[in-house]
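Here is the structure we will look at, set down as structure tokens.
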Amino acid sequence: MKLWGILIVGACLAAPGMAMAQEEVLTAEPAAPAGASAWRTLSRTSGSIYLADVGGMKQADGITAIRMARAPRSPASSSDREHAIETYEFRCGQDQWRVIRTEEYGPDGAELDAWDEADAAWLAVPPGSNMAFLDAVACDGELPTGRPWARLEDFLASNRN
């Protein structure tokens, strides 16, 4: 009986310290300088990971611009840096979006191609889509959960889990 009492008291004393440490890890986030990149995982599919640059958003004339990166979930090798970055614009009050720039990067991380679409048509944000979540980030200030990456290159060098 004494052994059970000691185990229960020990568990009660240890649990608050463990919970506090876990809470600090989950909620602590280094402050990023204003306008600095802060890439966060937006969504994952079986083949790709999508990240939004929540720190690099820009607003002008009622339009919010945000970049989204797409990278293979399982790269061909640990040194593979293949990815694409698209820049989106949102008319927040009108629930509209468009892509204005696309950049593609090869396995070595070097830019392969890039093109602008300054005259792209505005489209309605489809409910329940990846674009709807990106709209919530750009227009409503919602943040995807998870670790922020100051540089996309650091995420690409990680194990992507």
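Checking each residue in the range 139-158 for being farther than 14 Å from residue 56 by Cβ, among the small types (Gly, Ala, Ser) and in a loop (DSSP other than H, G, I, E, B) picks out 141, 146, 158. Scanning the range 123-140 turns up at least one residue that is surrounded by 13 or more Cβ atoms within 10 Å (Cβ to Cβ), under 25 Å from residue 46 (Cα atoms), charged (D, E, K, R) and under 15 Å from the mean Cα position of the chain (by Cα). Taking every residue in the range 88-102 that is assigned by TED's automatic domain parsing to the domain that holds residue 69 and pairing it with any residue that is at pLDDT below 95 and β-branched (Val, Ile, Thr), at least 6 positions away or on another chain, yields no pair with a Cβ-Cβ distance below 7 Å.
Hey, any hits in the range 107-118 for a residue that's surrounded by fewer than 13 Cβ atoms within 10 Å (Cβ to Cβ) and either among the polar types (S, T, N, Q) or within 24 Å of residue 143 (Cβ to Cβ) (or both)? No.
The values are calculated or read from the model by the stated rules, or taken from the named source; none is laboratory data. This structure is a prediction, so every number in the text was calculated from the model and none was measured. FYI the Cβ positions are ideal-geometry reconstructions off the backbone, even for glycines, and counts take in every protein chain you see.
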